[in-house]
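The values are calculated or read from the model by the stated rules, or taken from the named source; none is laboratory data. Note that the coordinates shown come from a computational prediction; the quantities given were computed from them, not determined experimentally. Quick reminder, even Gly has a Cβ in these numbers, built from the backbone with ideal geometry, and neighbours come from all protein chains shown. Remember, those area values only see protein heavy atoms, side chains included, never the ligands or the DNA or RNA. Shrake-Rupley method; radii C 1.70, N 1.55, O 1.52, S 1.80 Å.
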Amino acid sequence: MLAARLHGPRDLRVERLPRTGPPQRGQALLRVLTTGICGSDLHSYLDARIGDTPVEQPLILGHEFSAVVEAVRPELLDGDHQPLKPGTRVAVDPAQPCHHCEPCEHGHPNLCRSLAFCGNYPYGGSFCEWLLRPARGCFPVPKSFDDTEAALLEPLGVALHAVDLAKLRVGHCVAILGIGPIGLLCLQLAKLAGATPLFVTDRLPWRPKLAEKWGGLPIRCDQEDPVQRITKETHGRGVDVAIEAARAGDTVGQAAEATRHGGRVVLVPQSLRCEWG
Ligand SMILES: [Zn+2]
Ligand SMILES: [Zn+2]
């Protein structure tokens, strides 16, 4: 099969590898349909590491993907606890928690200390044609979702979790600092939750402009101080909720300063945006 493997910093090679073997216990053999490129894939590409996890052997990156089930044992269940059948189109949860560590046992598998995560060394990812994943991490998608939309469910899950933590109420005034892919998803979810107004800030000029299409009030950090602008627009009060989705420069400090007394700041950390749930 064809696969894109990272051999070192900026050294990504499309190679022919032996086709992935038959499913082992609990696994489904998946054929990848569409895969996204996450910011963490870009970090891996540039540095051949994510955080303190270096890539020590050639690694297939990628964790945002849709796939079709090619082979699976008949008794296995999908993520919805239904029998998983060959031919089913699925979105895939790239995180496989251990179910035994303290966070797992306390009901927080997203914080698992031994998370096996697609495309994070040493676990191979989705920049390839076939891969094995636990059947329980496969979620059938309706026909109305195309393959790309199904692949986007993984980053959407990150944004859903962030907006869930924000505990938004109708009419909440919100600022989203950093309006890249995750920020844009947070924006659309905040709008659906009835939050208004929705300030969006970014250093890259095209991003706030794009966010304006989804109801964001754009603030370009390269042109003005976002805290001053938000303070002015809210008559000195600040926003009810700030969602920080950039982690660039002083966005964490800005999020705190732009929020009213008793408001809520949600940090969408690298770990939540990309890896380890
Ligand atoms: Zn665990
Ligand atoms: Zn990601």
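Looking at LEU12, LEU33, LEU42, LEU29, which is the one that is in a helix (DSSP H, G or I) and of a type in the set (A, V, I, L, M, F, W, C)?
Residue meeting the stated conditions: LEU42.
From the list LEU42, LEU17, LEU29, which residue is open to solvent by less than 60 Å² (accessible area, probe 1.4 Å) and within 26 Å of LEU156 (Cβ to Cβ)?
Going through LEU42, LEU17, LEU29 in turn, just one is open to solvent by less than 60 Å² (accessible area, probe 1.4 Å) and within 26 Å of LEU156 (Cβ to Cβ): LEU29.
Checking the structure you have, find out if any residue of the range 84-92 is within 16 Å of ligand 1 (Cβ to nearest atom), open to solvent by less than 30 Å² (accessible area, probe 1.4 Å), in contact (Cβ under 8 Å) with a residue 24 or more places away in the chain and assigned by TED's automatic domain parsing to the domain that holds GLY36.
No - not one qualifying residue is present in the range 84-92.
State whether the residues of the range 199-218 include one that is open to solvent by 30 Å² or more (accessible area, probe 1.4 Å), assigned to a strand (DSSP E or B), outside the structural domain of VAL252 (by TED's automatic domain parsing) and not aliphatic (A, V, I, L, M).
Scanning the range 199-218 turns up no residue that is open to solvent by 30 Å² or more (accessible area, probe 1.4 Å), assigned to a strand (DSSP E or B), outside the structural domain of VAL252 (by TED's automatic domain parsing) and not aliphatic (A, V, I, L, M).
Would you please list the contacts, defined by Cβ atoms under 9 Å and residues six or more apart or on different chains, that run from a residue in the range 137-148 that is among the hydroxyl-bearing types (Ser, Thr, Tyr) to a residue that is surrounded by 12 or more Cβ atoms within 10 Å (Cβ to Cβ)?
THR148/LEU33; THR148/THR34; THR148/GLY36; THR148/SER66
Which one of the conditions (1) open to solvent by less than 70 Å² (accessible area, probe 1.4 Å); (2) within 12 Å of ligand 1 (Cβ to nearest atom); (3) over 16 Å from the mean Cα position of the chain (by Cα) does ALA135 fail to meet, given that it meets all the rest?
The number of the failed condition is (2).
For the list (1) modelled with pLDDT under 95; (2) open to solvent by 20 Å² or more (accessible area, probe 1.4 Å), I need the number of the one condition that ILE50 fails.
Single failed check for ILE50: (2).
Identify, please: which residue in the range 117-132 is among the hydroxyl-bearing types (Ser, Thr, Tyr) and at pLDDT below 95 and is, among those, surrounded by the most Cβ atoms within 10 Å (Cβ to Cβ)?
Within the range 117-132, the match that is surrounded by the most Cβ atoms within 10 Å (Cβ to Cβ) is TYR121.
Say whether the condition of being in a loop (DSSP other than H, G, I, E, B), open to solvent by 10 Å² or more (accessible area, probe 1.4 Å), in contact (Cβ under 8 Å) with a residue 60 or more places away in the chain and within 20 Å of THR34 (Cα to Cα) is met by at least one residue in the range 63-75.
No, the range 63-75 contains no residue that is in a loop (DSSP other than H, G, I, E, B), open to solvent by 10 Å² or more (accessible area, probe 1.4 Å), in contact (Cβ under 8 Å) with a residue 60 or more places away in the chain and within 20 Å of THR34 (Cα to Cα).
Pairs please, first residue from the range 95-116 and open to solvent by 30 Å² or more (accessible area, probe 1.4 Å), second anywhere and within 6 Å of ligand 1 (Cβ to nearest atom) and among the β-branched types (Val, Ile, Thr), Cβ atoms under 6 Å, 6+ apart in sequence or on different chains.
none
Considering only the range 138-193, how many residues are under 19 Å from the mean Cα position of the chain (by Cα), open to solvent by 30 Å² or more (accessible area, probe 1.4 Å) and of a type in the set (Val, Ile, Thr)?
The qualifying residues number 1.
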